[in-house]
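Worksheet: the structure to be examined is printed underneath.
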Amino acid sequence: MDSKKETHQFKTEVQQLLNLIINSLYSNKDIFLRELISNSSDAIDKLRFQTQTEPDILGDDTEFRIKIVADKEKRTIEVSDNGIGMTSDEVLENIGTIAKSGTAAFLEAMEASKKQDLLTPELIGQFGVGFYSSFIVAEKVTLITRAAGSETATRWESSGDGSFTIEETAKDSRGTTVILNLKKPEKDEQDFTEEWTIRGIIKKHSDFVSYPILMDVEKDEPIPEKEQILDKDNKPVATTRKVRKEETLNSMKAIWARDKKEVSDDEYKEFYKHISHDWNDPLTHIHLKLEGTTEYSMLLYIPSKAPFDMFHQERKHGIQLYCKRVFIMEDCKELLPEYLRFVKGVVDAPDLNLNVSREILQQDRLVRNIHKNVVKKILDLLAGMEKDEYEKFYNEFGPVIKEGTHTDWENKDKIAELIRYKTTKSDGDLVSLATYIENMKPDQKEIYYITGDNLSSLIDSPHLEQLKEKDYEVLLMTDPVDEWVTMSLTEYKEKKLKSAEKGDLDLELDKVDDKKKDEYTALFEYVKSFLEDKVKEVRPSSKLKDSVCCLSGDANDMSAYMEKLLKSSGQEAPGVKRVLEVNVDHPAIAGIKDLFEKDKDNERLKDYSNLLLDMAIIGEGGKVENPSRFSKMVGDLMSNAL
């Protein structure tokens, strides 16, 4: 990097987000120090992990520490560490932008909320902005960093006004120093240069950080007798003097290693915020120490809010892995399946090899044992939640949990107990599969469901007319992942899951007698011949009661929603022709049949064939091939009818 100073502009959406942070979090100002200390702790963790493969990278600087320096006269506070540091490219990547993904989604949520002042802290907590919380209290922020193993350092500086500067600089040792030029405190506001203020914040938010948080503090020190000044009566003028000495402000007690009876709710909450960088309180947690042939401790949290990047592939997930309180790995995916990626926390396994690598982890029997127990404990915790608490969880993480039915065959039944759906009878409430079975009609043999992206369209779908007539409840599946759920979860408690839009529903009242079928055979063959490039069959419907027609698939066909999902993701969907089902009891179909029997060459029959297909497509929420033709035909029909 050139040593000259470069000025860069923040991206528009980043500047918008920064303005929200600066102007809206007036009641949460002290969290800036927690965030900076957490970042320092993370930087040291990363360096310790790197020393497992590069032990010489530490050099002579082997005592890890976080140092706070406050200057009341200059109104500055700085937080420094001797962690892994950053290169100039890493500064631009990690500090030059707030996040690689999710910024736009965050701003959309803010715009949609219409209650920005009330919801900003909660939404920012979901987003996680860390370092940028400094601008809540600072009019200027300077960051000086030197990566481990590098000879050069980088200086980053911004006043949060739309731009930042970056240049090469000098720094004696590795690590990062963040210097805040503080705003003047408002009336009755705490002064962040005061020693007692800093002590209080660290005790509240960062007491359990694994590395010493140091600060030079003023103390009374005894004056040695030979240095004492005596008065005229030969008595010492003073026996103590004020000195500044470095003091450790935090206890450094690993919270997961303590007896859970000794840990307060506030301590649990603060530790969660430290490891997750989430400003919201967690929903609940598990704190366990397992003893036996293998021993390990776990402290795991269920967040109360889903992060915006929950479904982004590049998102890190996994719990932190320790061995005898020594940090091993930040995002240990080997301990946590993908569908539990929202869980945060720590696992400390004393018997683990300190030189562990991802390849070794995949083979390690202890790790496999921990993985099995972690999953069991989390699923048990979720299953044991009270109804209201679980609904809060499910509204945030339901789609993620459902992924497990497709990926975790060992725990598929447990996961099935946890999934919930709205139904045609639930009035908007979520219903478990167990409750659905309890509510089944005596003559009902299967669990009926329908998939799609619009709840209103599903409730009014023509496919459900005969099921509603039988007073059967239908699961309304509106998450994209539900398509994969139905592939894996084909039955529950010996009740098969059956799609309302595929195959025959096998309902007694929907049977079309053979005589009526024969009456319509010729007409349906004509319609099929005209639409043969679009449908594979035209047949009497087993689903319809009031509607004229609908599109369906055979039992093993891809659903319309799955086809839509594949196309929207840029994948090629196999061209599966649908079945056009027609309600032979509908007067419109009887009229078309009469016209066909009188004049098989009538051009209107082609129009009606196209109209039936278009109506079926619209009925399932699709787009017709020729909207103008459809509009004209409907207009003509209205004109003739009136």
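Assorted remarks:
- The residue of the stretch 282-306 that is most open to solvent (accessible area, probe 1.4 Å), among those that are assigned to a strand (DSSP E or B) and among the polar types (S, T, N, Q), is Thr284.
- Scanning the stretch 312-347 for residues that are more than 17 Å from Lys46 (Cα to Cα), part of a loop (DSSP other than H, G, I, E, B) and either of a type in the set (Gly, Ala, Ser) or touching a residue at least 24 places away in the same chain (Cβ under 8 Å) (or both) gives His312, Glu314, Arg315, Leu336, Pro337, Arg341, Phe342, Val343.
- Evaluation of Leu354 against (1) open to solvent by 70 Å² or more (accessible area, probe 1.4 Å); (2) modelled with pLDDT of 85 or more (one fails), failing number: (2)
Results for (1) of a type in the set (S, T, N, Q); (2) closer than 26 Å to Ala522 by Cβ, shown as yes or no for each residue.
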{"residue": "Ile592", "(1), (2)": "no, yes"}
{"residue": "Tyr608", "(1), (2)": "no, yes"}
{"residue": "Gly621", "(1), (2)": "no, no"}
{"residue": "Asn640", "(1), (2)": "yes, yes"}
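- Scope the stretch 386-414; condition of a type in the set (S, T, N, Q) and over 14 Å from Glu338 (Cβ atoms); matching residues: Asn395
Here is a yes/no grid of residues against (1) open to solvent by less than 60 Å² (accessible area, probe 1.4 Å); (2) hydrophobic (A, V, I, L, M, F, W, C):
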{"residue": "Leu433", "(1), (2)": "yes, yes"}
{"residue": "Asp460", "(1), (2)": "no, no"}
{"residue": "Tyr472", "(1), (2)": "yes, no"}
{"residue": "Ser488", "(1), (2)": "yes, no"}
{"residue": "Glu501", "(1), (2)": "yes, no"}
{"residue": "Lys528", "(1), (2)": "no, no"}
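- Against the test of being touching a Ser or Thr at 6+ places or on another chain (Cβ under 8 Å) and among the aliphatic types (A, V, I, L, M), the options Met562, Met633 yield a single qualifying residue, Met562.
- Checked against the criterion of being out of contact with any helix residue (DSSP H, G or I) (no Cβ under 7 Å at 6 or more places or on another chain), outside any helix (DSSP H, G or I), within 30 Å of His586 (Cα to Cα) and at pLDDT below 90, the candidates Asp427, Asp453 yield just one match: Asp427.
- The stretch 628-639 residues that are touching a residue at least 12 places away in the same chain (Cβ under 8 Å) and more than 17 Å from Ile592 (Cβ to Cβ), paired with ones that are acidic (Asp, Glu) and open to solvent by 50 Å² or more (accessible area, probe 1.4 Å) (beta carbon under 9 Å, 6 or more apart): Arg629/Asp607
- Within the stretch 589-630, tally of residues that are surrounded by 12 or more Cβ atoms within 10 Å (Cβ to Cβ), part of a helix (DSSP H, G or I) and not aliphatic (A, V, I, L, M): 12
- Inside the stretch 1-34, residues that are modelled with pLDDT of 85 or more, of a type outside the set (S, T, N, Q) and either over 16 Å from Lys273 (Cβ atoms) or within 23 Å of the chain's Cα centre (by Cα) (or both) make up a count of 4.
- Every condition in (1) over 28 Å from Pro540 (Cα atoms); (2) part of a helix (DSSP H, G or I); (3) touching a strand residue (DSSP E or B) at 6+ places or on another chain (Cβ under 8 Å); (4) among the charged types (D, E, K, R) is met by Lys422 except one, and the failing one is (2).
- In the stretch 30-86, the qualifying residues are those that are among the polar types (S, T, N, Q) and part of a strand (DSSP E or B), and the one that is nearest to Asp191 (Cα to Cα) is Thr76.
- Criterion violated by Leu321 - all others in (1) in contact with a Lys or Arg (Cβ under 8 Å, 6 or more places away or on another chain); (2) under 16 Å from Asp348 (Cβ atoms); (3) open to solvent by less than 40 Å² (accessible area, probe 1.4 Å) satisfied: (1)
- Members of the stretch 453-477 found to be closer than 17 Å to Ile419 by Cβ and touching a residue at least 40 places away in the same chain (Cβ under 8 Å), listed by number: Glu473, Val474, Leu475, Leu476, Met477
- Taking the stretch 128-229 and the strands (runs of 3 or more DSSP E) fully enclosed by it, the elements with 3 or more residues that are open to solvent by 60 Å² or more (accessible area, probe 1.4 Å) and on the phi < 0 side of the Ramachandran plot are at 213-222.
The values are calculated or read from the model by the stated rules, or taken from the named source; none is laboratory data. The shown structure was predicted, so the numbers you read here are calculated from the model rather than taken from an experiment. FYI the Cβ positions are ideal-geometry reconstructions off the backbone, even for glycines, and counts take in every protein chain you see. Surface accessibility is based on the protein's heavy atoms, side chains included, excluding ligands, DNA and RNA. Shrake-Rupley method; radii C 1.70, N 1.55, O 1.52, S 1.80 Å.
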